[in-house]
Amino acid sequence: MIVESAGFTDGKIADKYGAKGTEFGAGGMPALSFPLRISGAPAGTASYAIVFDDPDSVPPCGFKWVHWLVAGLKKPYLDEDASRLDPDIVQGANSWMDRGTDRKGASAYGGPSPPDRPHEYVLTVLALDFEPVLKNGFTVEDLNRVSKGHILARASIKGVYSPRE
């Protein structure tokens, strides 16, 4: 399985999808989500889940910052700004929750905003053999729990994003 995004070029995430962009949501979080395409999913794939996170956030934050969660995605793509414009996607609460926004406001794309240095972000797509029954506001722990034993394939892309100067 392959995941691709026009928002990731030469190992970097385009400025407009993070803190150097111009579109912001609840709590000041970057709100313009990047497009993505999934191909080569295995037979039996019933839905996709998406996790966009920042492993480099552990030293400054104490945990891996989650920027976007999507579950139960039936189509193999998301258009740019789907987080705000696609009413059919189920989105989990990102790590901006309680840091300037509530669970509802954080149940959206919250783009990169590294506090200390360039960070490498990871976009992972899971092909699942079922459609998880999750509601907007679910957590990454909820997604991990319900998808255990149901992951047919996993694909990731990485991109670096630098702090605002």
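In the chain, helical runs assigned H by DSSP with n ≥ 4 each contribute -39500 (n - 2.57); averaged across all residues and rounded to the nearest 500, the mean residue ellipticity at 222 nm is -2500 deg cm²/dmol. Mean-square fluctuation check for the chain, GNM, Cα pairs under 10 Å: which of Asp142, Asp15, Asp54 is largest? Per the Cα network of the chain with a 10 Å cutoff, Asp142 tops the list. At 1.4 Å probe size, with the rest of the protein present, what percent of the exposed accessible area of segment 82-158 is carbon and sulfur atoms? Answer for segment 82-158: carbon and sulfur cover 49 percent of the accessible area. Using Cα centres only, tell me the gap between segment 28-62 and segment 63-98 in whole Å. Distance between centres, Cα-based: 8 Å. Name the shape class, rounded, prolate or oblate, that the alpha-carbon gyration tensor gives for the chain, where a ≥ b ≥ c are the square roots of its eigenvalues, rounded holds for a/c under 1.5, and otherwise prolate holds if a/b is larger than b/c and oblate otherwise. The shape class here is prolate. Probing with 1.4 Å while keeping every protein chain in the model, the per residue accessible area of segment 1-64 equals 45 Å². Would you work out if segment 97-136 is rounded, prolate or oblate? Take a ≥ b ≥ c from the square roots of the eigenvalues of the alpha-carbon gyration tensor; rounded if a/c is under 1.5, else prolate when a/b is larger than b/c, oblate otherwise. It comes out oblate by the Cα gyration axes. At a probe radius of 1.4 angstrom, the accessible area of segment 109-165 per residue rounds to 54 square angstrom. Between Ala43 and Leu85, the FRET efficiency estimated from the beta carbon spacing at R0 = 30 angstrom works out to 0.45.
Judged by the mean number of other Cβ atoms found within 10 Å, the most tightly packed of the peptides 155-164, 30-39 leads the ranking 30-39, 155-164.
Segment Phe24..Arg103, full-extension length gain: 26.8 nm, with 0.36 nm per residue of separation and the alpha-carbon distance subtracted.
With the Cα gyration tensor of segment 1-50 giving a ≥ b ≥ c as the square roots of its eigenvalues, does the rule (a/c under 1.5 for rounded; else a/b larger than b/c for prolate; else oblate) give rounded, prolate or oblate? In terms of gyration-tensor shape, oblate.
The values are calculated or read from the model by the stated rules, or taken from the named source; none is laboratory data. Since we're looking at a predicted model, the values are computed, not measured. A quick note on method: Cβ atoms are made from the backbone with ideal geometry, for glycine too, and the neighbour counts reach across all protein chains shown. Areas reflect the complete protein model, heavy atoms only, side chains present, ligands, DNA and RNA absent. Shrake-Rupley method; radii C 1.70, N 1.55, O 1.52, S 1.80 Å.
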